[in-house]
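The values are calculated or read from the model by the stated rules, or taken from the named source; none is laboratory data. This structure is a prediction, so every number in the text was calculated from the model and none was measured. Heads up, the Cβs are rebuilt from the backbone with ideal geometry, glycines too, and the neighbour counts pull from every protein chain shown.
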């Protein structure tokens, strides 16, 4: 579906593939645009691999200006002055990917966030700290403009969700089962009248005006969707759209199902890297690998994937893990060729270009394998997304070990983010 519309003074674009001008525009807002830019680049570079693009993919853009006008602003000095700034928001949406991330979003408000990278590392501070995450250097009227652009994207996602089919076409049995679970968990099949503000009857037999209500373990009074899982959501957006009551946006979100009940919310640090600073495997590491009988490889087989899945609580899908760029270190095996030996360390590049699922088996920790795998997978594969030299990793604020790896390879913390399930029944009329 291709949609170009002007709604409430906002240019709204919905295309199945990202346009070259939009990719160029996002590249001019690095590093904050990195998650959406990388997801667009993967879609653009690998449209036929079954991961980059599906029949249910949408590339969204919202602004009071055309993409070309925003490009002109971003490429000159005008963006530094209020009269020259042209704000926009963009998103990649593919609801069929559940239980994996369905949405990535970005707005130019993120470029002006004010954040102390030393706050919170390994402190277990929970959510109380994160009022710091909503600080920004924009005039408030411009920040509210960015809020409205984000809301426009969410309202478009509401329409996309209501138009999703009950059964997906040309997908594996596992993906079909995932989609059945998604429709239940994300409440994608409410009565049609729930989208137009008319009176409906909810599951308890009570009448409601507009969206029905439901009860679930994540949010005891959650409104009856539809809902989407947004990944790598900058904390500044979560605060302004949900937690900052004075704005009155009323957007409802709840935590993802893998977060334990006793934890209110889980926040990640966005670690940033430059590929030119990533180190090559040291002579000491090469010696260790030779002595231990280890060789470089990738994650290639279903047996490899089962091992990866068994080492993470995050629901990683087999087809995704086999399709993504990866690096592994494995034992040589009985034949000595390294193709049949067991993996002892691995890492992937995610669809949004982040370092993903970095792991070293217990018996091989403390030998520098994590650092080596992290550097090699980014150094070898980031160029498959783009040539700007930026790498990234999302690390939970309590994960001191992973933070140590990131710091050891020259990383720095850029901002805070989280994964959130957003109730699109709370964002207003669909667009």
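Listing for the model above:
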read-out: Helices (runs of 4 or more DSSP H) fully within the stretch 1-77 counting 2 or more residues that are modelled with pLDDT of 95 or more and closer than 13 Å to residue 90 by Cβ; value: 20-27, 34-45
read-out: Residue within the stretch 79-89 that is out of contact with any helix residue (DSSP H, G or I) (no Cβ under 8 Å at 6 or more places or on another chain), modelled with pLDDT of 80 or more and assigned by TED's automatic domain parsing to the domain that holds residue 241 present; value: no
read-out: Failed criterion for residue 387 (all others in (1) over 17 Å from the mean Cα position of the chain (by Cα); (2) in contact (Cβ under 8 Å) with a residue 24 or more places away in the chain; (3) at negative phi hold); value: (2)
read-out: Residues of the stretch 39-55 that turn out to be under 18 Å from residue 153 (Cβ atoms) and surrounded by 24 or more Cβ atoms within 10 Å (Cβ to Cβ), as a count; value: 2
read-out: Residue in the stretch 380-400 that is over 25 Å from residue 105 (Cα atoms) and crowded, with 21+ Cβ neighbours inside 10 Å present; value: no
read-out: Strands (runs of 3 or more DSSP E) (entirely within the stretch 247-300) containing at least 1 residues that are at pLDDT below 90 and either outside the structural domain of residue 333 (by TED's automatic domain parsing) or more than 22 Å from residue 380 (Cβ to Cβ) (or both); value: 252-254
read-out: Qualifying residue in the stretch 367-375 (condition: surrounded by fewer than 15 Cβ atoms within 10 Å (Cβ to Cβ) and at pLDDT 90 or above); value: no
read-out: Every residue from the stretch 316-330 that is farther than 14 Å from residue 350 by Cβ and surrounded by 20 or more Cβ atoms within 10 Å (Cβ to Cβ); value: 328, 329, 330
read-out: Test for residue 22: is it more than 30 Å from residue 411 (Cα to Cα), surrounded by 16 or more Cβ atoms within 10 Å (Cβ to Cβ) and more than 17 Å from the chain's Cα centre (by Cα); value: no
read-out: Filter result (touching a residue at least 60 places away in the same chain (Cβ under 8 Å) and farther than 14 Å from residue 411 by Cα) within the stretch 351-371; value: 351, 352, 353, 364, 367, 368, 369
read-out: Residue within the stretch 200-217 that is under 26 Å from residue 394 (Cα atoms), in a loop (DSSP other than H, G, I, E, B) and either in contact with a strand residue (DSSP E or B) (Cβ under 9 Å, 6 or more places away or on another chain) or at pLDDT 50 or above (or both) present; value: no
read-out: Hits in the stretch 267-298 (condition: crowded, with 18+ Cβ neighbours inside 10 Å and under 22 Å from the mean Cα position of the chain (by Cα)); value: 267, 268, 269, 270, 271, 272, 273
read-out: Hey, residue 112 surrounded by 21 or more Cβ atoms within 10 Å (Cβ to Cβ) and modelled with pLDDT of 85 or more or not; value: no
read-out: Selected residue (only one of 311, 240 is at pLDDT 85 or above, under 23 Å from the mean Cα position of the chain (by Cα) and surrounded by fewer than 17 Cβ atoms within 10 Å (Cβ to Cβ)); value: 311
read-out: Some residue of the stretch 129-136 being at pLDDT below 95, under 20 Å from residue 240 (Cβ atoms) and part of a strand (DSSP E or B); value: yes
